[in-house]
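Encoded as C-alpha cells, the structure appears first; notes follow it.
The values are calculated or read from the model by the stated rules, or taken from the named source; none is laboratory data. A quick note: this is a predicted structure, and the numbers were derived from the prediction, not measured. Positions of Cβ are generated from backbone atoms using ideal geometry, with glycine treated the same way; all protein chains shown enter the neighbour counts.
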Protein chains: 2
Amino acid sequence: METVVVKFGGPALTTPEKIVQVAKKVIKEQGRGINLVVVVSSMPALRREFRQYAAEITDEPSKREMDALVASAAQMTSAMLAMAIQEHGGKAVSLAGWQTGIQTNQKHGNARISHVDSKRIEEHLALGEIVVVAGFQGVTGTDNISTFGKGGSETSAVALAVALEAERVEIFSSVEGIFTADPEIVKESRKLPEVSYDEMLEFANLGAKILHPRAVELAKKYNIPLIVRSFVQDVEGTFIKGDVDMEKNLLVRGVAYESDIIRLTIGYDSYETASLAEVFSVLAENDINVDIIVQAVIDGVKPTISFTISKDEFAEALRVLETSKLSLGFSFADFEVGLAKVSIIGSAMASNPGVAARMFARLGREHIPVKMVSTSEIKVSVVIPQDEMVRAANVLHEEFNLAMKEVTAS
Amino acid sequence: METVVVKFGGPALTTPEKIVQVAKKVIKEQGRGINLVVVVSSMPALRREFRQYAAEITDEPSKREMDALVASAAQMTSAMLAMAIQEHGGKAVSLAGWQTGIQTNQKHGNARISHVDSKRIEEHLALGEIVVVAGFQGVTGTDNISTFGKGGSETSAVALAVALEAERVEIFSSVEGIFTADPEIVKESRKLPEVSYDEMLEFANLGAKILHPRAVELAKKYNIPLIVRSFVQDVEGTFIKGDVDMEKNLLVRGVAYESDIIRLTIGYDSYETASLAEVFSVLAENDINVDIIVQAVIDGVKPTISFTISKDEFAEALRVLETSKLSLGFSFADFEVGLAKVSIIGSAMASNPGVAARMFARLGREHIPVKMVSTSEIKVSVVIPQDEMVRAANVLHEEFNLAMKEVTAS
C-alpha cells in the first residue's frame, strides 16, 4: 500500500470548524486505500497567544524554552485533529515531535534533522490509523524538544516522507498551486501543472511564499515528489519533481517579485582596506539576510560593494555597519529605498543566453530602469523602482508568453 | 544539599505577571541553598480554552488525545515559568511529563504512576538549575502521554519527592493552610500548624478542596512531609506529617462540611431479592460516587439501603437506577434533597467514644435533626438539612473549643 504524507498549515487550521473540515478531507484521502500521515502546524490563534504570553515575560526567551512553548501549540493542534478524525469515523493517533522519531541537532529554534526513525509511525499505519504529526518539531539526542524554524512543518512532512519511502508529499495550501506570476498582480497568470525542484527553489527564494526552500531542497535531495494544492477547492495543484515535461520553447516558466527592497552600498578608499568577506560575516552574525550582491569599481580605483536587504532589516543593518565601521574599514556607505526585485525563472534558461538579453531589452523599451542584476542558471533577477514593479511583472509575463497553455510531452 | 519539591496550581499562574511573581519566589527559595523542583499546573485560561476547542470538535474525545491536548497546556506553562526564572536571573529548565521519568500505566485521563526514574532531574539539579515540571502528566510504557486526573499536579509533586528523596513538598495554595473550619462560614476558625496524614485525608475527603486525597495518600505511604501554604502571603502554613504533636484534650481538630447532598433510598420486598453489592457495582461502573451508606430494616422484614450522592450526579444516578431496576430487583426508591454533611475530624477520636455522643447531644440541644450518621476512626459525619449547615458547623466548632490555641508538646 502506498504511503502519502500531507501537510496542512495555519490557514487551514484557524478554528475547530476548519479542523473538522481537514479531518473529513483526510478521511476521504485515506479511503482511497493509502497509508496516510498528516503533518499540522499550530492553530494560528494559539501561536499568537503563546508568543504574546512569552513576550510579556521576557524579550529574550531562551531558545530551548521557546521551543518547548511553541511545540506545545502544534501538539495541541495535532490532538485536536486526531479527535476530529475519530469523531467523524476515522482512526487516528496524534504524535508530538519526540514520538515521531525525528532526531535533530541541538540548535534550538532552527534545528536540523539528523535522522528519522519511522518505526513507530509505521506501526500506527499498519493498524490503519491516520497518523497526525505535530509539525516543525523533533527531539535532540539529549531528549530536549527542538523546532525547525521557518518552513518547519513542510520540512517535517518531507523528512517523514523520506523515512517512510512515501510516494509523495501533498502540501495543502491557501493557494491552488504555483502560478506563472502572482495572480494578484498579473491578471494573465495561470497555474503551472508541473515545475522542477530547481524552479521551485527559485520561486520560493524569489518571494513566492508557498513553500519554504528548505523543504524543497530536502525533497530534491531524496527525489520526493511534492504537490502544492488548495485545501479549499478540490482542484489539481502543481506537481514538483525532478524532470518536468514542458514545451521546448517555453524557456521562462514564471515571474516572481519581491517588494520593499533596499540597496546598501559601501565603498573603500583602496583595495588594500577592502575586506568584503568581513562585511557579510558581520551581517550574517547579526542574522541580516543579504540577497543580491554586486561589486563595482568607481573611478577606476575605489572598490564599492552594493547589496540588497529587506526593509524590515534595514535599521538593524545600519546599526551593525555603524558599530563595525572601524573594524570593517570602509570609507562611505549610502543606500537607496523604494526598490523591488522582479525575476524570471525557468530551468531551460541556462542553455539559452538570449533570455536575459530579451528581458533587458523589453524593460528598456518600457523605460523601466534596471538598478542591479543577478543571474543564476535558472533565473534572472533585476532590481527596479518599486512603483514599476507591477508593470514590469506584467510586461515580462507577456514577453515570454506565459499566459499560453503548455503542451506537455505526453 | 536538601531537595525540596514545590507545587503551584492554576490560581498562582493566571497571568504572565503572576508567573513572574512565582519565578521570583522560587529563585528566592533556591537561594536558601536547596535543590528545587517546581511542579506547575496549567494556566487556567489555557486549560479553559483548550477544553472549549476540544468540545467544539467532539462530545466524546478519546482519552489518549485529550491527554495529549491538556498535557500541552502544562508544558506551555512550565516553559513560561522557566523563561521567567531565567529572565529574573535564575537558572531553569522546563520538563514535560515524558522528560521527567514519570512512568504510568495505560489508563489515559486517570493514569497511575508505576515508576519514577529521576536521573534526568538529578542531572539538572546538579547543574544548579531550578527544574520546572509540567504537572499531572507522565508517559506510558508505550511512549504515550498520560495524565493523572484530579489532584494530578500534587501527585506529580509527591511522586517526584519520593523518587528524589526530598525533604518535603510545599503546596503553594490560595489559602494559608488547613483551618479548623472553613473561615468563610466559621468566624472563629483558626489555622492548624500541624495535622496528620490521616486527618488531612479526612479533611480532603470531607470537602476541604485544598489537597487531593490521592497526593496525601502517596505522601503518607512514603512519609513525605507536606506543607500547605499561601502563594500570596509569606506566612507559615500547615505541616502535614505522620506524628503530630497536639494537646491531649484536643480530640477534635476540625470541622468540615459539604453542601448539596442528596439521600437516595432503595428498598426490597425481602432479603432474598436484595443484592446490595450489585447496586453499588452498577453505580461505580457509571462513575457515580456514593458517600455515606446506611442500611436499615423497615417493618422488621423489608431491607432498605440509603446512601448519599452529590447533587451533580443525581440525574445520572436516577437514570442508572431506573435502567437497572429489573436486574437489581428493588421494589421502591425515594430520595431527599436539600441536605448537607457536617463532620468533625481528629485522629485521637478513636480512643474516646464520647466524642460522637457529645456531637449528637449538642446538635440535639440546637434542634438540628440528624438524618444519617457515618463514623470512622478519626471522624464523625452527620447528614442534616442544608439550611442548618452553617449553624451546625459553628456550634460544633464552639463545642469542641477549636478556636482555642493548641499547646504543642515542645
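Brief remarks on what is shown
- Residue in segment A:150-163 that is crowded, with 18+ Cβ neighbours inside 10 Å and basic (Lys, Arg) present: no
- Residue count, segment A:26-53 (criterion: closer than 23 Å to B:LEU46 by Cβ and assigned to a strand (DSSP E or B)): 1
- Scanning segment A:84-98 for residues that are surrounded by fewer than 24 Cβ atoms within 10 Å (Cβ to Cβ) and of a type in the set (S, T, N, Q) gives a single hit, A:GLN86.
- Here is the figure for segment B:50-60: residues that are surrounded by fewer than 17 Cβ atoms within 10 Å (Cβ to Cβ) and either touching a residue at least 24 places away in the same chain (Cβ under 8 Å) or more than 24 Å from the chain's Cα centre (by Cα) (or both) total 5.
- Just one of (1) assigned by TED's automatic domain parsing to the domain that holds B:MET66; (2) within 18 Å of the chain's Cα centre (by Cα); (3) outside any loop (DSSP other than H, G, I, E, B) fails for B:GLU199. It is (1).
- Verdict on A:VAL40 being within 14 Å of another protein chain (Cβ to nearest Cβ), surrounded by fewer than 22 Cβ atoms within 10 Å (Cβ to Cβ) and hydrophobic (A, V, I, L, M, F, W, C): no
- Residue match in segment A:213-235 (condition: within 27 Å of A:SER310 (Cβ to Cβ) and at pLDDT below 90): yes
- Only one of A:ALA54, A:ALA71, A:ALA45, A:ALA96 that is within 10 Å of chain B (Cβ to nearest Cβ) and closer than 20 Å to A:PHE231 by Cβ: A:ALA45
- Some residue of segment B:318-338 being surrounded by 12 or more Cβ atoms within 10 Å (Cβ to Cβ), at pLDDT 80 or above, on the phi < 0 side of the Ramachandran plot and under 24 Å from the mean Cα position of the chain (by Cα): no
- Selection count where residues are closer than 24 Å to A:LYS379 by Cα and either in contact with a Pro (Cβ under 8 Å, 6 or more places away or on another chain) or part of a loop (DSSP other than H, G, I, E, B) (or both), scope segment A:166-190: 15
- Tally, over segment A:135-156, of residues that are in contact with a Leu (Cβ under 7 Å, 6 or more places away or on another chain) and either among the β-branched types (Val, Ile, Thr) or within 12 Å of chain B (Cβ to nearest Cβ) (or both): 1
- Qualifying residue in segment A:3-25 (condition: part of a loop (DSSP other than H, G, I, E, B), touching a residue at least 40 places away in the same chain (Cβ under 8 Å), at negative phi and buried (at least 17 other Cβ atoms within 10 Å of the Cβ)): yes
- Lone qualifier among B:LYS91, B:LYS119, B:LYS107 - being free of Cβ contacts under 8 Å to residues at least 60 places away in the same chain and more than 14 Å from chain A (Cβ to nearest Cβ): B:LYS107
- Residue within segment A:169-185 that is closer than 20 Å to A:ARG120 by Cβ and crowded, with 22+ Cβ neighbours inside 10 Å present: yes
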